[in-house]
1. For an R0 of 35 angstrom, estimate the FRET efficiency from the Cβ-Cβ distance between B:Asp58 and A:Val162 and round to the nearest 0.05.
2. With all protein chains present, calculate the accessible area of B:Leu26 using a 1.4 Å probe and round the result to the nearest 10 Å².
3. Which order do B:Glu166, A:Glu54 take when ranked by solvent-accessible area (1.4 Å probe, heavy atoms of all protein chains), largest first?
4. If eta is 0.890 mPa s and T is 25 °C, what Stokes-Einstein diffusion coefficient results for chain A, Kirkwood Rh from Cα pairs, in µm²/s?
5. My understanding is that a pair violates if its Cα-Cα distance is over 23 Å; which of A:Lys168/B:Lys153; A:Lys153/B:Lys156; B:Lys23/B:Lys91; A:Lys125/B:Lys71; A:Lys153/B:Lys168 do that in this structure?
6. Mark the label point 7 Å from the Cα of B:Lys125 along Cα→Cβ and return the residues of segment B:42-75 whose backbone N is within less than 19 Å of it.
7. Kindly give the distances from A:Arg65 to its copy-mates, label point to label point, with each label point 7 Å from Cα along Cα→Cβ, as nm values to one decimal ordered shortest first.
8. Find the Cα radius of gyration of the protein assembly as shown, compare it with 2.2 N^0.38 Å by division, and give the number to two decimals.
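The values are calculated or read from the model by the stated rules, or taken from the named source; none is laboratory data. What you see is a predicted model, and the numbers here were worked out from it, not measured in a lab. Ideal geometry is used to build each Cβ from the backbone, glycine not excepted, and the neighbour counts take in all protein chains shown. Keep in mind that these areas ignore ligands, DNA and RNA; they rest on the heavy atoms of the full protein, side chains included. Shrake-Rupley method; radii C 1.70, N 1.55, O 1.52, S 1.80 Å.
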2 protein chains.
Amino acid sequence: MTFWRSFFKQAAYSSVLQNINKKNVLLIKNFDNNGQVVNIYLSISNCINLYDLEKLCDSVGWVKRPIKKVKKAINNSFLVAHLFYYSDNQKHLIGFARATSDSSFNATIWDVVVHPSFQSKGLGKALMNQMVKYLRYSDISTITLFADPQVTKFYKHLGFIVDPDEVKGMFWYPL
Amino acid sequence: MTFWRSFFKQAAYSSVLQNINKKNVLLIKNFDNNGQVVNIYLSISNCINLYDLEKLCDSVGWVKRPIKKVKKAINNSFLVAHLFYYSDNQKHLIGFARATSDSSFNATIWDVVVHPSFQSKGLGKALMNQMVKYLRYSDISTITLFADPQVTKFYKHLGFIVDPDEVKGMFWYPL
């Protein structure tokens, strides 16, 4: 890599570096959620209240999962990010995503969720952009995910490509 | 889970359990490779000669990757399996696969390769069956992979499904 290419790459990721050295980062100031103005924070850490996460997943209708397995999955994810705001001195979880990875070539993003009251306001995009930035900062070249049909458009806007070179996502489920 | 369901599940995975407690397992005895009869062994461990792996990947025309990154990827994979045989007191690497995982819900299989001289003889199938068995033994329910168009048929025969419920595999690459 030439000096200038390296220089610009470093500059582009310097904000990510600053962010990951802090526990909570102010992501959006004065976010207007139907009249309720709050600051939205991003946390990149696996310190998350699992009951709050369960409630968040319930809010979008996901199937309930054993909390012990969720804890194990989070502890063994390469990257865990969540969005929240404070109100009445309480932390309110409104977004979550995580990624598995070999820490080198590939990462796969799972469980992207934004609370319905906060959807369609750019928060999912902001969360995903932070995920991609962090993974790129970690020098991971191929970022993958499996998208339900109703969200492929959302991921396309973020630069994700469906079936590039006809590479197909395949699943094996237990009988 | 009822007693009998649990009993049969345990019986089905008992061979896997026996295998993973050993370093090298005899997978196929007296394998006839165009007149050369060898025993094929499976190893589930990340102890692998990286230069042998590089040669194996070269043999199928894969793009060369920095050995340091390969080492990191292997060390951070949940499951690493390889196939080999002995000849003239030397170990010959002829197959490889690995999987990333959150150790709980999902696993993604990467870098499945069998040496061209040993292809079309059931070794890829045997290797993949061992991968799936081990992941199932680890109670991982969703096993995924990304398949090039020329190998989707191979994975279909193993029980993998393309785009189930129209879930699409998506990729993000650096610009």
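1. Computed FRET efficiency for B:Asp58 and A:Val162 comes out at 0.70.
2. 80 Å²
3. B:Glu166, A:Glu54
4. It comes out at roughly 140 µm²/s.
5. A:Lys153/B:Lys156; A:Lys125/B:Lys71
6. It comes to B:42, nothing else.
7. The projected label point of A:Arg65 is separated from its counterparts by 2.5 nm.
8. 1.09
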